[in-house]
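Heads up: the structure comes next, in structure tokens.
Rule-based calculations on the coordinates, nothing more; no lab input. Since this is a predicted model, take the numbers as computed values, not measurements. Virtual Cβ from ideal backbone geometry, glycine too; neighbours counted across all protein chains shown.
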Amino acid sequence: MHRRDLIKYLLTTGSTIPFVPALAIFGSSKKEEFILDRTAFDNDFKWGVATAAYQTEGAWDAEGKGPSIWDTFTQQPRNVKDGTNGNIASDFYNRYVEDIKLLASLNFPIFRFSLSWSRIIPSGIGQRNQKGIDFYHRVIDECLKQNIEPWVTLYHWDLPQFLEDKGGWENREIVDWFGEYVDFCTREYGHKVNNWIILNEPMSFVGLGYFLGYHAPGRRGFKTFLKAAHHAALCQGEGGRIAKTNLPNANIGTTQFSSYVAPKNGAYRHKQAANKVDALLNRFFIEPLLGMGYPTDEFPLLNYIEKYYCPGDEERLVFDYDFIGIQYYYRTVARFSLFPPFVFANEVPAEKREVPTNEMGFEYYPEGIRQVVEQYWSYPDIPNLIISESGVCFDDEVVNGRVKDDKRQAYHQNVLKELQKMRNDGIPIDGYFVWTFTDNFEWADGYDPGFGLVYVDFDTQERIVKDSGRWFRDFLR
């Protein structure tokens, strides 16, 4: 998930981050061997893969689907690195039966996928598209047929273009638009689906889409960001309430992007910069949800968000979710900087730290997941926690019909070791969802980054289970 620009510019202040010695940042000593034990994860632990509609489905205008902001954004030159789009993607719309059967063969009992809002309601509001509604019924039914539990994400970044034309996340009416969408979907599919995720990473789609313009819809500006962020936070609370009202016995959650943030060194100015980054990336959306308000304590500019408040908003931001999904990919090292002037903090690029990097240039650091989980677990009355996404991308190569991806396999194994240690120490983590099942369209980075356990030849749509997928198949057997 490409968030480097977000780290560079969307930074605030927050909770104190303990100083991490320079050795832990720029290198590590030899670690004691720890054996991953499948039996350490009890029968209630949730194993799954996560996907997103726009990244996998294709069929962008098929059978009554309306355009989304990503359909529009990818048609404009230079918005995607390789000039591609998700018009076909991994063709899940036409290949969902074989893909779900393939997933079953890998022994994953859970499939997390998102609904395309504009496939169900082409304009986002008003008339519904029965063919789109029926498609998701078929996907859900195929999951159940294969003894796979469907987990449905209601919003994974593909806002209907019609609503964007009306202001999108900047328009306060989106709280009502989104509420109507949540109400319909939970009523339509609730008798088959018990597990629901309301929003996928609000900081990512608001920060990258409404501040930096790096993602759809390509808007920029600090005021634009604050307005859109507040409305997304309201939808986070309101969406959960609507889903729980319709489905009181369902398992309702939402997800947050999280990064382990460390200072460049022990200097006070760098530690303060790290606190600012942490507040933005890790605190901005979870704290208002828990009734703590936005993390304005060390970032006074965030107080301007109150300009967009209406009476009762403080209460509407809050909802008692059944679970919170943590989405972890990499570590961030922060340093003091005079630019950007909003926050006086910036990232130390991974290439300057001589650390392992993925195909997108980010440091992959499995051990950092513990610091992230412990930070969430420190909140009073925090709901159950699951790792709803974690993964790593590399340049995979097919050799004699096989994809040897040892580094990806090691990444997941090392993350699971950290989860096992935490569970041994009494910190409950209730699940691990791999990002992702098949290679897909990776937003503004196109098709080059491969996160999947299954390789996809996008010219032929051939699927090849990578060695990491084979490992999970055997581990979960």
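Worth pointing out:
- The chain, helix-only ellipticity at 222 nm - DSSP H runs n ≥ 4, -39,500 (n - 2.57), divided by all residues, nearest 500: -10000 deg cm²/dmol
- Proximity of backbone amide H atoms, modeled 1.01 Å from N, is registered between residue 261 and 332 at under 5 Å, excluding neighbours fewer than 5 places apart on the same chain.
- Built amide H within the under 5 Å cut-off of residue 153, gap 5+: 113, 114, 115, 197
- Selection from 366, 325, 45 lying farthest towards where the dipole of the chain points positive, charges on Cβ: 366
- Where GluC sites (Glu not before Pro) fall in DSSP loop in the stretch 337-437, at most 14 other Cβ within 10 Å: 354, 397
- Antiparallel %, DSSP beta bridges [both residues in the stretch 106-214], to 5: 0
- Measuring against 21 Å, Cα to Cα, the residue pairs 131/244; 46/417; 101/244; 131/192 contain 131/244; 101/244 as the ones spanning a longer distance.
- Matching label, Cα Rg over 2.2 N^0.38 Å computed from the structure shown, candidates [x] 1.07; [y] 1.34; [z] 0.91: [z]
- This ranking places 128, 241 by how few other beta-carbon atoms lie within 10 Å of each, fewest first, which gives 128, 241.
- The calculated FRET efficiency for the pair residue 460 and residue 351, based on their C-beta separation and a Förster distance of 30 Å, comes to about 0.30.
- Each of 244, 131 has some number of other Cβ atoms within 10 Å of its Cβ, and from fewest to most they run 131, 244.
- Residue (of 113, 291, 126) at the positive-pole extreme of the chain, dipole from beta-carbon charges: 291
- Relative contact order, whole percent, for the chain stands at 21, derived from Cα pairs under 8 Å and 6 or more residues apart.
- About the centre of its Cα atoms, the chain shows a dipole size close to 740 debye [charges on the beta carbon of Lys, Arg (+1) and Asp, Glu (-1) only; nearest 20 debye].
- Expressed to the nearest 5 percent, the antiparallel share of DSSP beta bridges inside the chain is 25 percent.
- For residue 403, distant residues with modelled amide H under 5 Å away: 467
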